[in-house]
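Working notes, structure below.
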Amino acid sequence: MASSSNSSTDSTASPFTRIKIRVGALVFCRDEVALIRRDRPESTHFTPPGGNVEHGEDLIAALRRELSEELRLDPSQAGRPELLWVIDQMVSRPGATPPPRKLHLIYRIHVSPEVRAVLATEEYDEVPGGHEIGLIQWIDYRMTADLPIFPPIGAALAALPSPSAAITDAALPAVTDDNYVWV
C-alpha cells in the first residue's frame, strides 16, 4: 500500500529523493552578463536570473517567464535561448525539509544595449515574511572566476573565449557536499 505522506513536507524523508529543475540565463550585452546580487547578513552571493520549472511547464516557457519576472525581459527583445551548461546539485542545506536533487539548466541569451537600458535593476524574491531585494549587476564575464556565484559557474564563465563561444561539453562538475557548503 502506498504511503499517503507528502515527501515535500515530511522531515523523515531522505535527502535528494525529489528532483527539481531550475532554468537560469546568462544574459549577455556585449562582454557583460547580468547577475543578481543578493546581500545577506552572513554573505553576499550572485545568481543568474531564473527559477524553478513549474509542474508540466515547458523549459523555454519557464525560462521566458522567469526572465520576464526578474528582468522584465520581453522574449521578443532577446536572441534565441541556447543551452550552455547543465549542473547536477546534491547539496545538504539548513532546515527541516530534506533537500531535493536539483538540475540547473543554464542558457545563454544576448540582448542589445538598447534592450539592456530598459531592463529591471532590482529583483524581488519572495521569502518567508516578505521579499528579498536582489540587485541586477552587469559584470564583465571575464571577471567572474572568483565571484561567489551559485550554481558555481564563475570559473567556466570567465574561461569562455567570447560571449558567443561554442561549448563542447555542456556538463559542468556536480555540486555536492564534498565541494560546496550552503551559506
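Quantify, in whole percent, the carbon and sulfur part of the accessible surface of the chain (1.4 Å probe; protein heavy atoms only).
Values: 5260 of 10100 Å².
Here it works out to 52 percent.
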Original post:
In whole Å, how far is the Cα centre of segment 29-45 from that of segment 150-183?
Top reply: 15 Å
**OP:** Using R₀ = 30 Å, calculate the FRET efficiency as 1/(1 + (r/R₀)^6) where r is the Cβ-Cβ separation of Ser68 and Asp178; round to 0.05.
**Re:** 0.25
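Which net charge results when you count Lys and Arg as +1 and Asp and Glu as -1 among the other residues whose beta-carbon is under 14 Å from that of Arg30?
Values: positive: Arg108, Arg116, Arg142; negative: Asp31, Glu32, Glu114, Asp140.
Once positives and negatives cancel, what remains is -1.
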**OP:** For Thr17, Thr176, Thr144, write out the residues from largest to smallest accessible area, computed with a 1.4 angstrom probe and no ligands counted.
**Re:** Thr17, Thr176, Thr144
Original post:
What is the chain's relative contact order, in percent, from Cα pairs under 8 angstrom and six or more apart in sequence?
Top reply: 29 percent
Subject >> Kirkwood hydrodynamic radius of the chain, Cα pairs, Å >> reply: 17.4 Å
Original post:
Applying the Karplus parametrisation 6.51 cos²θ - 1.76 cosθ + 1.60 with θ = phi - 60° to the phi angles of segment 168-180, what ³J(HN,Hα) value in whole Hz is obtained for each residue in order, glycine and proline being reported as x?
Top reply: 9, 9, 7, 8, 8, x, 5, 9, 10, 4, 6, 10, 8
**OP:** Per residue of segment 80-86, in order, report the coupling 6.51 cos²θ - 1.76 cosθ + 1.60 (Karplus, θ = phi - 60°) as ³J(HN,Hα) in whole Hz, putting x for Gly and Pro.
**Re:** 5, x, 10, 5, 9, 9, 10
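Calculate, for Glu114 and Met143, the FRET efficiency according to 1/(1 + (r/R0)^6) with r their C-beta to C-beta distance and R0 22 Å; round to the nearest 0.05.
Numbers: r = 24 Å, r/R0 = 1.08.
The formula returns an efficiency of 0.40 here.
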Subject >> Solvent-accessible area per residue, Å², over segment 73-183 with all protein chains present [probe radius 1.4 Å] >> reply: 55 Å²
Original post:
Residue by residue, what Karplus-based ³J(HN,Hα) values in Hz, rounded to whole numbers, does segment 149-166 have, using 6.51, -1.76 and 1.60 with θ = phi - 60° and x for Gly and Pro?
Top reply: 9, 10, x, x, 10, x, 5, 5, 5, 5, 7, 4, x, 7, x, 10, 4, 5
**OP:** Give the long-range amide H neighbours of Leu26: residues separated by 5 or more places, or on another chain, with amide H under 5 Å away, using H modelled in the peptide plane at 1.01 Å from N.
**Re:** Tyr107, Arg108, Ile109
**OP:** Could you calculate the contour length gain from Lys20 to Ala158, that is, 0.36 nm times the residue separation minus the distance between their Cα atoms, to one decimal place in nm?
**Re:** 47.0 nm
Subject >> Percent of C-alpha pairs per 5 Å bin, segment 94-183, short to long >> reply: 2, 9, 15, 20, 20, 17, 10, 5, 1, 0
Original post:
Using a 1.4 angstrom probe and counting only protein chains, how large is the accessible area of Tyr124 in Å², to 10?
Top reply: 120 Å²
Subject >> the chain: angle of helix 59-71 to the longest principal axis, Cα-based, in degrees nearest 10 >> reply: 70 degrees
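The values are calculated or read from the model by the stated rules, or taken from the named source; none is laboratory data. Owing to the predicted nature of the structure, the values given are computational and were not obtained by experimental measurement. As a convention, Cβ positions derive from the backbone with ideal geometry for all residues, glycine included, and neighbour counts pool all protein chains shown. Just the protein is used for accessible areas: all its heavy atoms, side chains included, with ligands, DNA and RNA removed. Shrake-Rupley method; radii C 1.70, N 1.55, O 1.52, S 1.80 Å.
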